[in-house]
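Chemist: Below is one structure. I have some questions about it.
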């Protein structure tokens, strides 16, 4: 007769927890869950500008993603920080190249698009 | 067609239920199965071997109920397990009749029974947890409340049939399931009550 395998109670409880997670994977998503794809679609055509600021004694790298036709549509995200400005500048340069759609930087922001009214 | 071994086990189950494990002799089993004691001894060397064979089959049936976990993604999953457990305890209640004797004389069987019972309890708890995630059952107001709920459910599962029999009352699956759902009902959220009314009420009420 083959030996019986006894599963420890804690291990069994953990196994059932894993089975319980199938509930969420087997539940159909609602349309709202995938809205981020539609909402972030504009980010495909953005110019990326690196931005280094001194904050709390460090050089913080920010990347600004601005729509090339509507520059008022932009987001700014803090990426990382360095204590050395040269290092921060170099890293920011590579980060920009990595993030930008066109790595040579030909996709530029149309400043006229800002259309500021000075009155 | 049952082979001799299966026939012996089936006869023994019946005799254990009628007379209790201690009161059944090998001669009686052989007579009831329509075989000689020599033939019985050829298949099982002693009474302990027969008891082990009977309980191996029983515990296998019992543990197979555990396999139905999360086969349906709604409250019917709970309900199906209740049905399976009812069927098991209704058809094999000789085990409970002999529970204390098993504990005294056959500790290995007792340990196995304990292990499966603990797993059923864990399943009940995890089912409750899952239904909290789904928003069907309210999170516990006091720590350990759901643990106690699961224990009460296990108590009902195990001893509802014997207490009905002791009081000379009817043993039906519907009544059994109602007793169990009645324990869960106070914990339902509005969403849970809606799902219960839509899915469970037409089936059992």
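The values are calculated or read from the model by the stated rules, or taken from the named source; none is laboratory data. Treat the numbers as computed from the prediction; the structure is a model and nothing was measured. A quick note on method: Cβ atoms are made from the backbone with ideal geometry, for glycine too, and the neighbour counts reach across all protein chains shown.
Chemist: Restricted to the range B:109-123, and to residues that are more than 22 Å from residue B:165 (Cβ to Cβ) and touching a residue at least 40 places away in the same chain (Cβ under 8 Å), which residue is farthest from the other protein chains (Cβ to nearest Cβ)? Quick ask: steps written out before the conclusion?
Modeler: In the first step, residues of the range B:109-123 are kept if they are more than 22 Å from residue B:165 (Cβ to Cβ); the result is B:109-112, B:114-116, B:118-119, B:121-123.
Keeping just the survivors that are touching a residue at least 40 places away in the same chain (Cβ under 8 Å) gives B:109, B:112, B:116, B:119, B:123.
Details: B:109: 12, B:112: 8, B:116: 10, B:119: 6, B:123: 7 Å.
So, considering only residues that are more than 22 Å from residue B:165 (Cβ to Cβ) and touching a residue at least 40 places away in the same chain (Cβ under 8 Å), the one farthest from the other protein chains (Cβ to nearest Cβ) is B:109.
One line per residue, one yes/no per condition, for (1) away from every other protein chain (no Cβ under 14 Å); (2) under 28 Å from residue B:192 (Cα atoms); (3) touching a residue at least 12 places away in the same chain (Cβ under 8 Å):
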| site | (1), (2), (3) |
| --- | --- |
| B:102 | yes, no, yes |
| B:125 | no, yes, yes |
| B:133 | no, yes, no |
| B:141 | yes, yes, no |
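Chemist: In addition: Consider the range A:26-56. How many of its residues are within 30 Å of residue B:72 (Cβ to Cβ) and either touching a residue at least 40 places away in the same chain (Cβ under 8 Å) or surrounded by fewer than 10 Cβ atoms within 10 Å (Cβ to Cβ) (or both)?
Modeler: Final tally of qualifying residues: 7.
Chemist: Could you please find all residues in the range B:128-149 being in contact with a helix residue (DSSP H, G or I) (Cβ under 6 Å, 6 or more places away or on another chain) and surrounded by 17 or more Cβ atoms within 10 Å (Cβ to Cβ)?
Modeler: Residues satisfying the conditions are B:128, B:130, B:136, B:137, B:146.
Chemist: Test residue B:36 against the criterion of being more than 14 Å from every other protein chain (Cβ to nearest Cβ), in contact with a helix residue (DSSP H, G or I) (Cβ under 7 Å, 6 or more places away or on another chain), at pLDDT 90 or above and surrounded by 13 or more Cβ atoms within 10 Å (Cβ to Cβ), and give yes or no.
Modeler: It is false that residue B:36 is more than 14 Å from every other protein chain (Cβ to nearest Cβ), in contact with a helix residue (DSSP H, G or I) (Cβ under 7 Å, 6 or more places away or on another chain), at pLDDT 90 or above and surrounded by 13 or more Cβ atoms within 10 Å (Cβ to Cβ).
Chemist: Residue A:23 - would you say it is more than 11 Å from every other protein chain (Cβ to nearest Cβ) and without any contact (Cβ under 8 Å) to a residue 40 or more places away in the chain?
Modeler: On the way: more than 11 Å from every other protein chain (Cβ to nearest Cβ): no; without any contact (Cβ under 8 Å) to a residue 40 or more places away in the chain: yes.
Answer is no for this residue.
Chemist: Go through the residues of the range A:81-88 one by one and say whether even a single one is part of a strand (DSSP E or B), closer than 19 Å to residue A:39 by Cα and modelled with pLDDT of 85 or more. Don't jump to the end; show me each part of the working.
Modeler: Restricting attention to the range A:81-88, the residues satisfying the condition of being part of a strand (DSSP E or B) are A:81-82.
From what is left, the residues that are closer than 19 Å to residue A:39 by Cα are none.
No, the range A:81-88 contains no residue that is part of a strand (DSSP E or B), closer than 19 Å to residue A:39 by Cα and modelled with pLDDT of 85 or more.
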